[in-house]
Amino acid sequence: MHLDLPILDQAAPSVAAQPVAENGKKVYVETYGCQMNVNDSEIVLGVLNAEGYIPADGPDDADVILLNTCAIRDNAERKIHERLSHLKHTKKSNSDLVVGVLGCMAERLRTKLLDTQLVDLVVGPDEYRRVPELVAEAMGGDRGIAVKLSRVETYDDIVPLRTEGISAWISIMRGCDKFCTFCVVPFTRGRERSRPLTSVVDEAKQLWDQGFKEITLLGQNVNSYRDDVAGYDFADLLASTARAVPNMRIRYTTSHPQDMSDKLIDTMAEWDNICKYIHLPVQSGSNRILELMNRTYTVEHYLGRIRRIKQAMPTCAMSTDIIAGFCTETEDDHQRTLDVMREVRYEGAYMFAYSPRENTKAWKMGDDVPDDVKNRRLNEIIALQNSISREINLAEAQSGIIHPVLVEGPSKRNDAEWKGRTDTNKTVIFTHDGTRGYIVGDTVQVKIDRANSATLFGELV
Ligand code: SAM
Ligand code: SF4
């Protein structure tokens, strides 16, 4: 059944798993960090909803507040500590309030979080099935912890409780086996494991039937996906999904340069409904640093993959992740990163200062690039990326390119303007005179006439 999407209205909420029986308790999940966490929060809400809990409108309205946390960088963890000290005050005025910490920080800090006397439950990424039991215990006055990592858990039988209208996340795998030396993910999310192909394709079909128009296949490393029982790889999964939901936009993130196969590139090129956008983190433009990071590819291999992608899909947009100031990084290494950026000309990038994480290999290498140097290099990387993004977007405006845009709803600033996204993952703001009969979730043609580094602006064609 398709959702009856209202004309000129906000995105409609998705059809959710219905609770067995409401228990009257309201739960609010605050999500920090990556898209995997966004989908994990939907999974946790799905698990709780099946036990009768209902989503609260906000933290003030909730009996249970769960923080789904990120441990990737120190500042991500600092944010959670600040939020927890704020919740201490809330709990003083409402002693029945249950507070839980979920996700990567739960896995990393474990019982240390219970020592704060504020947190009632601590649950790691592979133990979300136990959240209802631990919440119930907390309501009875007990504190609980569940942080075992699993080699098999993929939650593929759980119906996530989605709140977005037209775009949905689907986790196709969990964990990571790459062990980049700077990264906590293999420790906080455990070993890599994939869902069966059929379960992912079935979920995509159900989402289409519920009215969703776009899905993003998620994993720390989607292109090392393997359905070992049936013998399928990620390219097979993409092709099967594209075939099963031919009118749905299909995206994926994140991919690793080492696993960016010709087969995957050709599969993307073959299917019109697979978006021509790839997030391919490079991290550094120096082979010496890439080796220290254990990224398992060279700059030459990476650039070869980019050339292959552009050969097969000349309009494919690229984005990346870059770390500034990794251990021992010299000025020359930094210049090489800027060189790669100039050569690839990414449409966008996530750029970070290196943050040492306990227990990783790089932790022992020392953090020897001074903060002022790290920040200066990061600022140079950001400035270069902004200027490249602006140039690419202005060129699109000058040529008056027409993009198919998936309509998401009114823009935040102006009701007469609407926003949507291109297949290449760019936000487009376009004027809307109220007379055209399109709805949220439709794809419209927009001619681009203005742009800045982050957004394209245009008129409906
Ligand atoms: N699996 C993805 C990959 O390998 O490209 C990335 C996952 S990670 C959640 C997202 C990004 O965070 C990484 O690509 C990296 O740029 C950044 N990151 C991870 N650990 C970091 C650290 N210790 N300091 C700074 N940035 C870090
Ligand atoms: Fe972390 Fe590397 Fe795995 Fe990405 S591939 S999650 S950066 S260990």
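No value in this document is a laboratory result; all are computed from the given coordinates. Worth saying up front: this structure is predicted, and the values here are computed from it rather than measured. Methodologically, a virtual Cβ is constructed for each residue, glycine included, from the backbone with ideal geometry; neighbour enumeration extends over all protein chains shown.
Can you bin the range 45-90 into rounded, prolate or oblate? Criterion: square roots of the alpha carbon gyration tensor eigenvalues sorted a ≥ b ≥ c, rounded for a/c under 1.5, prolate for a/b above b/c, oblate for the rest. Taking the square roots of the gyration eigenvalues as a ≥ b ≥ c, the range 45-90 is oblate. Which one, 441, 429, 379, is farthest towards the positive end of the dipole of the range 316-448 when Lys and Arg carry +1 and Asp and Glu -1 on their Cβ? So the residue furthest toward the plus end is 441. One way to sum up the overall shape of the range 320-461 is the equivalent ellipsoid from its Cα gyration tensor, whose semi-axes run 40, 16, 11 Å, largest first. Packing, as the average of other Cβ atoms within 10 Å across residues, places the peptides 193-203, 356-366 in the order 193-203, 356-366, highest first.
Placing unit charges on the Cβ atoms of the charged side chains and taking the dipole of the chain about its Cα centre, the candidate lying farthest along the positive direction among 119, 147, 76 is 76.
Among 247, 197, 184, which residue has its Cα furthest toward the positive end of the charge dipole of the range 184-250, with +1 on Lys/Arg Cβ and -1 on Asp/Glu Cβ? Going by the charge dipole, the pick is 184. Charges were assigned to the Cβ only: +1 to each Lys and Arg, -1 to each Asp and Glu. The resulting dipole of the range 177-332 about its Cα centre is roughly 200 debye. Using Cβ point charges alone (K and R +1, D and E -1), the dipole size of the range 159-236 about the Cα centre works out to roughly 300 debye.
Given a Förster distance of 30 Å, report the FRET efficiency between residue 258 and residue 331 from their Cβ-Cβ distance, rounded to the nearest 0.05. So, using R0 = 30 Å, E works out to roughly 0.65. For the chain, the Cβ-based charge dipole about the Cα centre amounts to some 740 debye (Lys, Arg positive; Asp, Glu negative; other atoms uncharged). With the convex hull drawn around the C-alpha atoms of the chain, the volume per residue stands at 152 Å³. Oblate is the label for the range 191-230. Its Cα gyration tensor axes, ordered a ≥ b ≥ c, give a/c of at least 1.5 and b/c at or above a/b.
Of the cross-linked pairs 148/361; 88/374; 79/361; 205/447; 310/426, those separated by over 26 Å at the C-alpha level are 88/374; 205/447. Local charge for residue 179 was computed over the other residues whose Cβ lies under 11 Å away, with Lys and Arg +1 and Asp and Glu -1, and equals +2.
Lacking any other cysteine beta-carbon closer than 4.7 Å, the following Cys residues of the chain have no compatible partner: 34, 70, 104, 176, 275, 316, 327. Fully extending the segment from residue 23 to residue 364, taken as 0.36 nm per residue of separation minus the present Cα-Cα distance, adds 117.8 nm. Calculated FRET efficiency, residue 298 to residue 416, Cβ-Cβ distance, R0 = 35 Å: about 0.10 to the nearest 0.05. Over all orientations, the range 20-132 has a Cα convex hull whose mean projected area works out to 6.5 square nanometres.
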